[in-house]
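Notes follow the structure.
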Amino acid sequence: MSSEQILLGLGLIIGLGILLQWIAKMLKIPGIILLLPAGILVGPVLGLVNPNEIFGNSLFPLVTIGVGILLLKGGFELNVRKLQSDTKQTVWRLVTIGVLITLAIGLVASFLIFNIPFYFALLLGAILVVSGPTVVGPILNIARPKQPVGHILLWEGITIDPIGASLSVAVLSIATSQNPYPFIDLFLTLGVGVAIGIIAAVLYIVSERSGRVPPNLSALVAFMFGIMAIVGAEMIFSEAGLFAAVTMGFILGNQRLTPATGIRTLTETIEPLIIGILFIMLAALVSLPALADYMLPALVLVAIYVLVARPLVAFVTTHGLGFSRSQRIFIGAMAPRGIVAAATSSLFAINLTNIGINFPQLVPVVFTVIIGTVAIYGLSAPIISRKLNLSQPGRTAVAVVGDQPWVVDLAEALQQAGARVMFIAPGEENLQKRAADGKLAYMVYTGSFAELSDDEILDEAHELKNQVKWLIITTSDHDRIKIATETFLSDIGNNSIIIFGRSRARQDEAVFGTRRSDILANTPFGLFGRNEDELLDLLDAGGSFEVLESTEQPQEGVPVGKKAFLRVRSDGTLAVPGSEEPLAQGDSLILVAPGSSS
């Protein structure tokens, strides 16, 4: 393979991996729905990507490290404080009893449908017990089910991956007669992986607490320890690296000895890159004729998993734990297969071929099940969540924070215009009192930003924070701007943050790392142009906010002497900026009107 072909293949793997996730995000569908077909297209169909020739013997070691990093990030998300006693019991049942039920049904179905030897059917069933955060997480983000359902499914998806992968290794050892005591190795794999994960987490914590890790290297040091844990455990037992990754992430995500924001920042950045690379690369390994040959029977297997196995697992594992009928149905309607199933099947197919065992159904069936389950659950989950009244409201709320004397009036005007408002006033007693005595029907939050940033707290404030789409900051205090921005930035992005106050050039540079002239076209407030100073002048001179409804708007647009500020659409969402164009039916316009002395 020429260097040009290798370069083209690498470019397609990385480029398509990112581009298709971007498109999927805009379409609000799981990225894997686009990634796997694209990998098949550029791989066996067009012949542009051949991972075996590009990576050679390093292909599956790279896949193992990539999957390990994804599970490290997943373990970091497993917050024990979010799990109530019944939730913990459900997760435990899902990864024990649920795995056994899924394995048994998969074994029988595979044996009957494909007419393959017992151990082949057992191996296929073992590989397909896994789920995974790379597919469960995106689907939950779209469906937005109320808790604790989301926490249960996320915990199951993260913890079941290393369990399923290790179980598959044990079954492979039995099928190939390579190890007379495979299940002893299974427990040893678990023990070694957990032990190394603990050691790696402790080393990272000690390093951070020593104060000798530069802030700009904190994320990379965490990454280094994660790689060392995965590789070290894999050198001892195959798949032990996955247990090590989850264990390290879990400890770092739940300890309070040192901040672990570095690992979150790094993994959130590289997670989409790894997901894109792995799915494109593994899909490119699929044999197109084999995929066509086993497509129909594989779809029958998909139907059995979706209609029989998962509902039965949910019914058994949630029985007697106090969940509502709707919650139990939704748990039974969510079990997509992901990257671990794809990687394990591809690796096992090569291992079996190398020792002279032919199992042609393995990879095409697994990939069909992955595509089928992700498509079914990804497209149906949002609908089922809404039909069962489990869906949380979408991101339409507006958070308002600041210290200006008119900030409460702004929050009340937004509410009057139809927006849901979260008014945040930590340390501002006068504003808190005015807001409490006023007309705000939604949330008046008086706690600290640190508590609001703590995702482990489950209360009304955090529930509303998760529904915020816009953040309006009305202050010239740079420290407060920075803290407020950091609290919401990862959820809504800087294009949904409006900083409304004096000294904007300094504020923009402090918060976004650039001067105002560089971000005018990129931040919503920049769209106000020169009106910003006029609006502030009016408010400082005693101006007030008024709400103009579409039925009240005069023919000429905005009344003379008043300035358009924000538009609230009929569905309660914010449109920035407020324009002087005629309002659509049901829309409202927030105006700044001059005071009596102006």
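Results, tabulated for the structure shown:
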quantity: Scope the range 38-54; condition in contact (Cβ under 8 Å) with a residue 12 or more places away in the chain and outside any loop (DSSP other than H, G, I, E, B); matching residues; calculated: ALA38, GLY39, ILE40, VAL42, GLY43, PRO44, VAL45, PRO51, ASN52, GLU53, ILE54
quantity: Any hit, the range 132-144, residues being under 25 Å from ASN351 (Cβ atoms) and touching an Asp or Glu at 6+ places or on another chain (Cβ under 6 Å); calculated: yes
quantity: Residues of the range 1-59 satisfying the condition of being modelled with pLDDT of 90 or more, out of contact with any helix residue (DSSP H, G or I) (no Cβ under 7 Å at 6 or more places or on another chain) and of a type in the set (Gly, Ala, Ser); calculated: GLY11, GLY15, GLY47
quantity: Residue, modelled with the highest pLDDT, within the range 580-598, restricted to residues that are within 34 Å of the chain's Cα centre (by Cα) and in a loop (DSSP other than H, G, I, E, B); calculated: ASP587
quantity: Residue list for the range 298-322, restricted to those being within 20 Å of ASN389 (Cα to Cα) and crowded, with 21+ Cβ neighbours inside 10 Å; calculated: ALA314, THR318
quantity: Check on ASN79, modelled with pLDDT of 90 or more and surrounded by fewer than 23 Cβ atoms within 10 Å (Cβ to Cβ); calculated: no
quantity: Residue in the range 339-356 that is in a loop (DSSP other than H, G, I, E, B), within 24 Å of TYR119 (Cβ to Cβ) and at pLDDT below 90 present; calculated: yes
quantity: Filter result for the condition that a residue is under 30 Å from PRO148 (Cα atoms), part of a loop (DSSP other than H, G, I, E, B), in contact with a Leu (Cβ under 7 Å, 6 or more places away or on another chain) and modelled with pLDDT of 70 or more, over ALA399, ALA419; calculated: ALA419
quantity: Odd one out for SER346 among (1) buried (at least 24 other Cβ atoms within 10 Å of the Cβ); (2) closer than 19 Å to LEU35 by Cβ; (3) small (Gly, Ala, Ser); calculated: (1)
quantity: Some residue of the range 24-37 being in a loop (DSSP other than H, G, I, E, B), farther than 25 Å from ILE127 by Cβ and of a type in the set (D, E, K, R); calculated: yes
quantity: Residue within the range 301-313 that is out of contact with any Asp or Glu (no Cβ under 9 Å at 6 or more places or on another chain), closer than 30 Å to ASN50 by Cα and either in a helix (DSSP H, G or I) or modelled with pLDDT under 95 (or both) present; calculated: yes
quantity: Which listed residue is surrounded by fewer than 18 Cβ atoms within 10 Å (Cβ to Cβ) and either of a type in the set (Val, Ile, Thr) or assigned by TED's automatic domain parsing to the domain that holds LEU574 (or both), from ILE357, ILE384, ILE370; calculated: ILE357
quantity: Boolean, LEU252 is in contact (Cβ under 8 Å) with a residue 24 or more places away in the chain and either within 18 Å of LEU62 (Cα to Cα) or among the small types (Gly, Ala, Ser) (or both); calculated: no
quantity: Where MET334 falls short, out of the listed (1) in contact (Cβ under 8 Å) with a residue 40 or more places away in the chain; (2) in a loop (DSSP other than H, G, I, E, B); (3) more than 30 Å from GLY68 (Cβ to Cβ); calculated: (3)
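Residues checked against (1) touching a helix residue (DSSP H, G or I) at 6+ places or on another chain (Cβ under 7 Å); (2) of a type in the set (Phe, Trp, Tyr); (3) closer than 27 Å to LEU312 by Cα:
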| site | (1), (2), (3) |
| --- | --- |
| LEU103 | yes, no, yes |
| ILE113 | yes, no, yes |
| VAL135 | yes, no, yes |
| ILE139 | yes, no, yes |
| ASP161 | yes, no, yes |
| VAL169 | no, no, yes |
| ASP185 | yes, no, no |
| GLY193 | yes, no, no |
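The values are calculated or read from the model by the stated rules, or taken from the named source; none is laboratory data. A quick note: this is a predicted structure, and the numbers were derived from the prediction, not measured. So basically every Cβ, Gly included, is an ideal-geometry build from the backbone, and we count neighbours across all protein chains shown.
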